[in-house]
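Shown next, in structure tokens, is the structure this report addresses.
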Amino acid sequence: MNLANAAQEGHRFEQAANRHTGLKIKTKILLFATYALVLESLGVYLESTGELEVVDGTTSSESLPDLAAKNDYDVVILCLLGDESSGLEIIPVLAQIDPNVRVLVLSGSNEISVHQRAVELGASGIVLRQQDGKTLLRAIRQVHEGGTWFNQKLLSQILNKNGNGGAPHDPETHKVTYLTAREREIIKALALGMNNKLLGKTLHISEATVRHHLSSIYGKLDIADRLNLLIFAYQHKLADVGGDKESAS
């Protein structure tokens, strides 16, 4: 086991121990911002919440891989207010260092192509610069819990750009017939922004049962994660794409 893996395992053991003893666990953040003033201001704001710990921060994208290998972070925040297209390319590099990394992009761009590129490279969520601090905190929590955070309007635009799918000739359409009524219900709930805990309470089932159903859904649809499940669901009319509502699944 190398040092990076050892640090990650140690952090996960610490989290498990703290959960067992009831201690409050702060979410560990690696923060990147294009400008020093933004980095400092955003870091102060995140720390002021009392639930987040900005362990490291940098304005140098070249230093991100070294920082990611040195410590285990719950969420990496990329605050990109300049040349976003090049800044996004660090996401797969971080994923190679830690396959469990959760990357949240704070975007200054309104270009759909930039957001689509972030999704393609593996971002777990996108928050726009015009959104408020409460939205950012909700996104961090959701991404940390293993969910995703994408504006449904963004997902709709990506689908429209790539073609909505779901047509009779679509070879993926037949997979929908494999889903049970309960699995379809779970997909609809995910599209409404429910995480596993809320979904379990709503459907009166345990979180373990929710995870079991999700594993079954992924297998039947040959899908690896929730983002692609959402896209598949919208393409094949298993869920409705809303307007500007956030999809926090």
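The values are calculated or read from the model by the stated rules, or taken from the named source; none is laboratory data. Source: prediction; values computed, not measured. Ideal geometry is used to build each Cβ from the backbone, glycine not excepted, and the neighbour counts take in all protein chains shown.
Given the options Ser85, Ser61, Ser124, name the one that is closer than 17 Å to Leu30 by Cβ, at pLDDT below 90 and more than 14 Å from the chain's Cα centre (by Cα).
Ser61
Kindly indicate the residue of region 99-129 that is surrounded by fewer than 18 Cβ atoms within 10 Å (Cβ to Cβ) and in contact (Cβ under 8 Å) with a residue 40 or more places away in the chain and also farthest from Leu154 (Cα to Cα) among those meeting that condition.
Asn100
Results for (1) within 10 Å of Leu31 (Cα to Cα); (2) among the hydrophobic types (A, V, I, L, M, F, W, C); (3) not in a strand (DSSP E or B), shown as yes or no for each residue.
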site: Gly43; (1), (2), (3): yes, no, yes
site: Glu47; (1), (2), (3): no, no, yes
site: Val55; (1), (2), (3): yes, yes, no
site: Ala69; (1), (2), (3): no, yes, yes
site: Leu78; (1), (2), (3): yes, yes, no
site: His115; (1), (2), (3): no, no, yes
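Within region 32-46, identify whether any single residue is modelled with pLDDT of 90 or more, within 17 Å of Ser124 (Cα to Cα) and of a type outside the set (A, V, I, L, M, F, W, C), and answer yes or no. So that I can check it myself, show each step before the final result.
Initial filter on region 32-46 (modelled with pLDDT of 90 or more): 32-33, 35-46.
So of that shortlist, the ones also within 17 Å of Ser124 (Cα to Cα) come out as 32.
So of that shortlist, the ones also of a type outside the set (A, V, I, L, M, F, W, C) come out as none.
No, that holds for no residue.
Can we say Val76 is surrounded by 15 or more Cβ atoms within 10 Å (Cβ to Cβ) and of a type in the set (A, V, I, L, M)?
Working: surrounded by 15 or more Cβ atoms within 10 Å (Cβ to Cβ): yes; of a type in the set (A, V, I, L, M): yes.
Considered against the rule, which asks whether it is surrounded by 15 or more Cβ atoms within 10 Å (Cβ to Cβ) and of a type in the set (A, V, I, L, M), Val76 comes out as yes.
Would you pick out the residues in region 88-100 that are aliphatic (A, V, I, L, M) and either within 16 Å of Ala33 (Cβ to Cβ) or modelled with pLDDT under 85 (or both)? Spell out the reasoning first.
Initial filter on region 88-100 (aliphatic (A, V, I, L, M)): 88, 90-91, 93-95, 97.
Within region 88-100, Leu88, Ile90, Ile91, Leu94 meet the criteria.
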